[in-house]
Every structure is written in C-alpha cells, then in structure tokens.
Amino acid sequence: MTKDEPGARAPEAAPAAKPVTVQMRSPAAVGGGDLTEELLNSDWWTDAMVQAAGIPIVDVPFVSVGGGIGSFVTVDYLRIASVPPDRMRVLSNIEFPWKTYEYLTRVSQIPRGERIRSDSASRPDNIWGFPSYALAEAVRDKSLKPLWQVLVEPIWADYYTPKAGQVFAGLEREAKRIGFREMLVTGQVRMVRRRQSGGYFTILTPPPGTEPTRRVAYRSQFVHVAVGYPGLRFLPELQAFRTQHQDFHHVVSAYEDHEHVYALARTKHLVVMLRGGGIVASRVLQRLMDDRERFGLSTEIVHLFRTYVSGSHGPNAWNRRKGGNGFAYQGFNYPKSVWGGQLKSRMRKLEGDDRATEYKLMGGTSTPYRRRWQAQMREGRTGGWYRAIAGTVEEMRLENGMIASRVMISGGPVEVAADFVIDCTGLEADIAEHRLLADLLEHSGAGRNPLGRLNVERDFELRGAASGPGVIYASGATTLGGYFPGVDTFLGLQIAAQEITDDLARRGFCRHIGPVRSTSQWLRWVFSRQP
Amino acid sequence: MLPTLAGRVQTRVALFAVIGGLVTLLIAPVLPIAAPVADKYRDAFLVLATVTVLGIGWECLYHLLMQWRWEKDWPTLFGLVTLVPEGLLVWLLLEAKAVPGIVGTVTAPAFCIQFLAVWLPVWLVANGPMRVPFIRWRFRGERLM
Ligand SMILES: Cc1cc2nc3c(=O)[nH]c(=O)nc-3n(C[C@H](O)[C@H](O)[C@H](O)COP(=O)(O)OP(=O)(O)OC[C@H]3O[C@@H](n4cnc5c(N)ncnc54)[C@H](O)[C@@H]3O)c2cc1C
C-alpha cells in the first residue's frame, strides 16, 4: 500500500463528473504549479509563496479532507446548520462517501444483504437517528419483527443492526438532498499547512490531466480531516512470511479481496487458519461455515487466538464483560454507553495515563454474541472441524504447498498445517504512515494523544494547529485515544460532527441548531427537501 | 437508552410534566370517577405528581442496578416493564390513603387508564421523537440542561 492510499484499498478514484465551482481562483503565476522547496520546508506559508510556485488558489471557508463517512456526516450537519454547498468543499479520492466503507465491508464478508455491526439509531444519513433503521425497515417491509427485536434486545434477542444495503440507500438519498456532489472535488490531498495571515492552505493533487497544474491550493479558514484508517497492517509474522516467500496468495488479510479462498474451498478439502477474535473473524467464520453447509464442503478451520477469553472477565462485578470459547462478547466496539451515557461523560474528564488505562479496561478485541454464530461454532466443535487454540506463532514454513506453523501453546509447541491463513486482526498502522498526517505532525503543530493518535480537544479541534482565527478539526480512527472513545463509528463520527458544528456556530460560521431549527430541519429531511 | 443519573431525573421530570400534564389535562374529565370535574382534575394531577416524585427515587434505584451492566445501558424493555412496580406502588399508596390532598376516590380503572395513558406516550417519546427537537440529548446522558 502506498503512503498516499491509506487504509482504503479501494479502486482508483475517477474524477468527479461535475466541474468544481469555486468562489475565487487566482491566476497561476510564475512557477510550474508544483510544490517548491520553500513550500515543502516552511511550516507557515504566505499567499505570495504559493503564488510564486504557480499553484492556483481556490478560496472556500471550509474544507473537509477524506470524503468518507466522517466527511459526509460533518458536511451533512453543517448543511443542516445553514451552510450552503458553495461554502464547503470535500476533497477526496473516492467518488461517493461510502465507497471505502462498502469495499471494506464487502471483502470482510458483509455484502449489501448482510447486517453491519452498529445499532438501529446509528444513522449516518439522519442526524436525529429518528426514525431509526428498525422503524424504517418495519414500515418498508410492513413487519413488526425489527421493532420487536429493538424492544427485547440485547437480552432476549441479538442487537438489531441494519443491513448494509439499507445504510447505503439512505446515504445516497441524503447525499442528493444536501448536494454532496456539488461540494466534492476528487484528488489526493498532499498536505495542510498554516497560512501566516490566518487559516490554512490544503494542497490537492487532482487526477492527472484534469487541471492545468499538478497541484491546487484550497485557502480556507477551517479544515476538517477525516481520512479514515492511516493504513492496515498484517500481523508481523504474517507480513514477514509474505515478504520472504513473495506469497500473497496463501496468507491473506480479511480486509483485502480473498474470494479465491472460498472459491477453492468449493473444489477441494481445505484447512483454513484464522487469526484474530474480533467481528471480522466472526464474519469470515460465518462465510466458511455457511459455504460448508450450503455446498456440502469439508473445510476444516483452525482458529488461533493470541488472547483466549474463556469466560466473563473484568476487575469487579460492575465491570465484567461476557466471554467464552476464545471470544470477548460485546455488541459494539466499546461498551454502549461511550456513545452517550455514563462512560461518555466519565471519559470526557480523564487525562493522560488515566484515560489510557480506561481505554485498556473497556477496549480490546470483541465480537457480538449472535445466536446464529454460536450455533454454527457449536456444530463445528462437535463435528471436529472447528478447533480453537490459544497461542503464539513461533515459525511459519511452506511445506508441500501448505503453510506449516509452529504454535506455542500452554503445553508446549504444536505444528499446525493449513492451506490458507486469513489475518482478521485488522491491526492499524501508525498515523505517521499516512503522508498527510505525518505532515500535520511535522509542520502544523499537531501532536499525539495518550494512545499515540492525533490529539484533539473535546470539540475535535486539533490541538496546537490553530492559525489565527482558523481551526483544524479531526475525526475518525486517527483520533482514537481522545476524550471520546467511540470515534471510529457512524455514531461517533456524528457526535464529532455535532461538536464541530456547535463550535463553528460559536465562531459564527453557521447557525446554532436549537430545538426549533432541529425540528424544522427534520421535517425537511422527512419530505426529502433541501436543508 | 444510555442515561446518566442526572439525565434520568431531568428526562423523567420533563416528560412527565409536559406529556403527562397534557394527557392528564385531556383525559381527567372522562376518567371513571364519580366526582365533579374540578375534583377529578385535582386528583388526577395529584396522581401524576406522585408518580413523578416517586419516579425520582425509582431512577436512583435503576441507576444503581444499571451498574451491574457492562454496557451501562438501559434496554428499551426495562424502560417499559418498570411501569409494573411503579404503578403498583402508587396504587398501594392510594389504597392506603397515603397520597396527600386526594379528595375523591380514585377507582382502579381510573388509575389504570390514567397511568397507562401517561406512561406509554412518555416511553415512546423517550425512545425516538425526543431526539428530533433535542439533538444533543442522547449524547449527553439524556440531560436537558
Ligand atoms: C470492516 C469494517 C466494518 C465496519 N462496520 C461498522 C459498523 O457496522 N458500524 C459503524 O458505526 N462503524 C463501522 N466501521 C467503522 C467506521 O464507521 C467506518 O470505517 C467508517 O467508514 C469510517 O469513516 P471515516 O470517514 O473515518 O473513514 P472512511 O469512510 O474510510 O473515509 C476516509 C476516506 O479518506 C480518503 N483519504 C485518505 N487519505 C486521503 C488523502 N490524502 N486525500 C484524499 N482522500 C484521502 C480514503 O481513501 C477514504 O476513502 C467499520 C469499519 C470496518 C473496517
């Protein structure tokens, strides 16, 4: 993965169909329209420096970098808070906001018809979360089932979660309603630098051949950075194996296309080794088990856990998470109240090590307890074709076309041979591996939080990066470790968007969303009218 | 629901006052009690006040119970079935003539009708429509202030 294409292994972005409308574009001056040494080396830029480099300048007050779900929910909020589309630009390498998300969910075995992880009221296409997905599904399908599930969850039923397809359809409708395409400019963002007389320059590299110069500078008072995952990593031993054997076929990541594994399993007996105990491991397991049942296959699964959870765990009766058979069970990636209740309010007050400790206590890999998955795994254990072991891999070799792993378990080393190894751990790369974030750390005053990610305030302002009246905001996975743990989720991105919008209202950029505006805007949403 | 203690109390008082007040205003005259309309109103509002005040105590208990939940959430169904103990307690107090100021006799049907007509809309509103005017409410532990 190149540094410019973090996380998203999405296909190359095509240029936006619609031409960019801009408020003002200064004529390209003397330089060749590319970054100069002077620009690269200066933490603070002047208009003259940019003009001298021949980089055209586009003026717009608010720029959101990324263009995924995080950018989408932020401009959605701002549109609802009265900001017209021509005052905002979304700079992105994808043509529609859910493209990266859809790619990652599809390869990790959540196609449109399957249900995602987040709950009924986590609606990135509706800031109010009402009507919830369950209510909308009930009305559409004329069925009480989704509502019943929400009523009795999580005790007498699994948590209700919407189908991926329903989420995408909603996003498409909302994108149209708020004029998202008008705001979108495709390209790769190279850097955001502070401007001496206030605000920022965001440097975009447009797709080749679409602009006369190699770079375009967006001059704005506000910048929002939501670039998603800085990059995904393999487990170190798997990465070493891939590099050493130049083998990208037998050792795969669940976050990349690995259909060939399922396809081959339909033609011959396979042993598949899974690594990781999170929801993606559960998904991959489900796919292997579904296929086994549907096509009468004989696939064997060895599931290797580094940390094997054998039961409920936690320091005391008030902090005990359920677990068993290797997995820690939790509906969502954090305990639910980080998105609004007690834990959210507690975390907001913690600093430094105290915050890091709290993150450790409630974090960690987990997967939802779903009745269907439990039944499948039980069947696998009884039938002897699903085996979970706890240990660490000491060595991996290629032997007779199979991957032989020496696994250290509590009783000593054992040999496990598998046709394929699927890495479901989803380790995330350091933020400095993302070029734009590295530049922010190096040149724009940004720092790291107790978990090593971007340090943001409670209102998601990037600490240390202010520039006169200008502010950089950041949300999403790159800010994990801040005062609010749920950042890398739809609802978390919306909570960030709300904080950002409230801050921008205080700064006079948009209107405050009070009860009256909120209600009237909700009615506009209901009737698909522009904000 | 993801409440904090302050949020529970504020939401309880606000919803019972506004929705409970409106419902009571509408239905009090038709409650099956043999008394003049003024007395019906007086008793119905006293019942509503009793439910609300005792509710603050109940919320403290629910908050305590919630501490045993890893998620620190309050499932939708809990918010519904708690109407049973809460309703029973108020009814027992009415029977024991322990609710001050009641002038007539609050009959069982009258009490059931009013209690459910208040409780169900409050529960429904808290589980969705409340988020429409108050977009920060669900992220602030259901606090209104
Ligand atoms: C498999 C999977 C399942 C998930 N399921 C759920 C779920 O069920 N519910 C939930 O709430 N959350 C879920 N999440 C978490 C999270 O909500 C999503 O990942 C969401 O897409 C994050 O939004 P984002 O804007 O932060 O990142 P993205 O949606 O990934 O958007 C960021 C975009 O920025 C682009 N970008 C990066 N750098 C640059 C640059 N320099 N220039 C231009 N563009 C750039 C990237 O290409 C990317 O498209 C899931 C995550 C994964 C990986």
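The values are calculated or read from the model by the stated rules, or taken from the named source; none is laboratory data. Because the structure is predicted, anything quoted here is derived from the model rather than measured. Every residue, glycine among them, receives a Cβ derived from its backbone with ideal geometry; neighbour counts consider all protein chains shown.
Based on this model, can you work out whether A:T205 counts as in the same structural domain as A:L441 (by TED's automatic domain parsing), within 11 Å of the ligand (Cβ to nearest atom), over 15 Å from A:L440 (Cβ atoms) and touching a Gly at 6+ places or on another chain (Cβ under 7 Å)? Steps first, answer last, please.
Values: in the same structural domain as A:L441 (by TED's automatic domain parsing): yes; within 11 Å of the ligand (Cβ to nearest atom): yes; over 15 Å from A:L440 (Cβ atoms): yes; touching a Gly at 6+ places or on another chain (Cβ under 7 Å): yes.
The answer is yes for A:T205.
Scan the stretch A:365-389 for residues that are aliphatic (A, V, I, L, M) and either more than 23 Å from A:S312 (Cβ to Cβ) or surrounded by fewer than 18 Cβ atoms within 10 Å (Cβ to Cβ) (or both) and jot them down.
The first filter runs over the stretch A:365-389 and keeps only residues aliphatic (A, V, I, L, M), leaving A:375, A:377, A:388-389.
Matches in the stretch A:365-389: A:A375, A:I389.
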Review point. Out of all the residues in the stretch A:456-480, which are over 19 Å from A:L350 (Cβ atoms) and of a type outside the set (S, T, Y)?
Key: A:L462, A:G464, A:A465, A:A466, A:G468, A:P469, A:G470, A:V471, A:I472, A:A474, A:G476, A:A477
Practice item. For residues that are more than 19 Å from A:L462 (Cβ to Cβ) and more than 11 Å from chain B (Cβ to nearest Cβ), scanning just the stretch A:477-504, find the one that is surrounded by the fewest Cβ atoms within 10 Å (Cβ to Cβ). Key: A:T489
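In this structure, is A:G486 within 16 Å of the ligand (Cβ to nearest atom), modelled with pLDDT under 95 and not assigned by TED's automatic domain parsing to the domain that holds A:T307?
On the way: within 16 Å of the ligand (Cβ to nearest atom): yes; modelled with pLDDT under 95: yes; not assigned by TED's automatic domain parsing to the domain that holds A:T307: yes.
Yes, satisfied.
On the given criteria, is A:P124 touching a residue at least 40 places away in the same chain (Cβ under 8 Å), touching a Phe, Trp or Tyr at 6+ places or on another chain (Cβ under 6 Å) and more than 14 Å from chain B (Cβ to nearest Cβ)?
Working: touching a residue at least 40 places away in the same chain (Cβ under 8 Å): yes; touching a Phe, Trp or Tyr at 6+ places or on another chain (Cβ under 6 Å): yes; more than 14 Å from chain B (Cβ to nearest Cβ): yes.
Spelling it out, A:P124 is indeed touching a residue at least 40 places away in the same chain (Cβ under 8 Å), touching a Phe, Trp or Tyr at 6+ places or on another chain (Cβ under 6 Å) and more than 14 Å from chain B (Cβ to nearest Cβ).
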Exercise for review: Select, from A:A375, A:A328, the only residue that is farther than 30 Å from B:W137 by Cβ and within 13 Å of chain B (Cβ to nearest Cβ).
Suggested key: A:A328
Exercise for review: Please work out which one of (1) crowded, with 16+ Cβ neighbours inside 10 Å; (2) over 14 Å from the mean Cα position of the chain (by Cα); (3) within 14 Å of chain A (Cβ to nearest Cβ) is the condition B:G79 fails and give its number.
Suggested key: (2)
Practice item. May I ask you to verify whether A:F241 is assigned to a strand (DSSP E or B) and more than 22 Å from the chain's Cα centre (by Cα)? Key: no
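Going by what's in this entry, would B:P32 be described as of a type outside the set (A, V, I, L, M), under 30 Å from A:G331 (Cβ atoms), touching a residue at least 60 places away in the same chain (Cβ under 8 Å) and assigned to a loop (DSSP other than H, G, I, E, B)? Write out each step before concluding.
Numbers: of a type outside the set (A, V, I, L, M): yes; under 30 Å from A:G331 (Cβ atoms): no; touching a residue at least 60 places away in the same chain (Cβ under 8 Å): yes; assigned to a loop (DSSP other than H, G, I, E, B): yes.
Here the answer is no, as B:P32 does not meet what is asked.
What do you reckon, is B:I113 outside any helix (DSSP H, G or I) and either within 14 Å of chain A (Cβ to nearest Cβ) or not small (G, A, S) (or both)? Reasoning before the result, please.
Numbers: outside any helix (DSSP H, G or I): no; either within 14 Å of chain A (Cβ to nearest Cβ) or not small (G, A, S) (or both): yes.
No; evaluated as a whole, the condition is false for this residue.
For A:L78, are the conditions met, namely being assigned to a helix (DSSP H, G or I), crowded, with 18+ Cβ neighbours inside 10 Å and modelled with pLDDT under 95? Lay out the reasoning, then the answer.
Details: assigned to a helix (DSSP H, G or I): yes; crowded, with 18+ Cβ neighbours inside 10 Å: yes; modelled with pLDDT under 95: no.
No: the conditions fail for A:L78.
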Check your understanding: Out of all the residues in the stretch A:88-105, which are under 19 Å from A:S253 (Cα atoms) and not charged (D, E, K, R)?
Key -> A:T100, A:Y101, A:Y103, A:L104, A:T105
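Just to check your reading of the model, which residue among A:R378, A:R397 is at pLDDT 95 or above and either part of a helix (DSSP H, G or I) or under 27 Å from A:F248 (Cβ atoms) (or both)?
Values: A:R397 fails: at pLDDT 95 or above.
Exactly one residue qualifies, and that residue is A:R378.
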Check your understanding: Within the stretch A:197-220, can one find any residue that is closer than 27 Å to A:E428 by Cβ and free of Cβ contacts under 8 Å to residues at least 12 places away in the same chain?
Key -> no
Review point. List pairs: first in the stretch A:131-155 and facing chain B (nearest Cβ under 7 Å), second in a helix (DSSP H, G or I) and of a type in the set (D, E), Cβ under 7 Å, 6+ apart or cross-chain?
Key: none
**Study point:** Selected residue [in contact with a helix residue (DSSP H, G or I) (Cβ under 7 Å, 6 or more places away or on another chain), within 16 Å of the ligand (Cβ to nearest atom) and modelled with pLDDT under 95] from A:S108, A:S122
**Key:** A:S108
Check your understanding: Which one of A:R406, A:R378 is free of Cβ contacts under 8 Å to residues at least 60 places away in the same chain, under 29 Å from A:I279 (Cα atoms), among the basic types (K, R) and out of contact with any Asp or Glu (no Cβ under 8 Å at 6 or more places or on another chain)?
Key -> A:R378
Practice item. Of the conditions (1) within 16 Å of the ligand (Cβ to nearest atom); (2) in a loop (DSSP other than H, G, I, E, B); (3) closer than 24 Å to B:W68 by Cβ; (4) not hydrophobic (A, V, I, L, M, F, W, C), A:G277 clears all except one; give me its number. Key: (3)
Study note, to complete from the structure: Of the conditions (1) more than 16 Å from the ligand (Cβ to nearest atom); (2) within 23 Å of the chain's Cα centre (by Cα); (3) buried (at least 19 other Cβ atoms within 10 Å of the Cβ), the single one that A:P236 does not satisfy is (3)
Review point. Limited to the stretch A:156-167, what total is found for residues that are more than 14 Å from chain B (Cβ to nearest Cβ), surrounded by 18 or more Cβ atoms within 10 Å (Cβ to Cβ) and not β-branched (V, I, T)?
Key: 3
Exercise for review: Filter the stretch B:59-76 down to the residues that are loosely packed, with under 15 Cβ neighbours inside 10 Å and part of a helix (DSSP H, G or I), then identify the one that is farthest from the other protein chains (Cβ to nearest Cβ).
Suggested key: B:L61
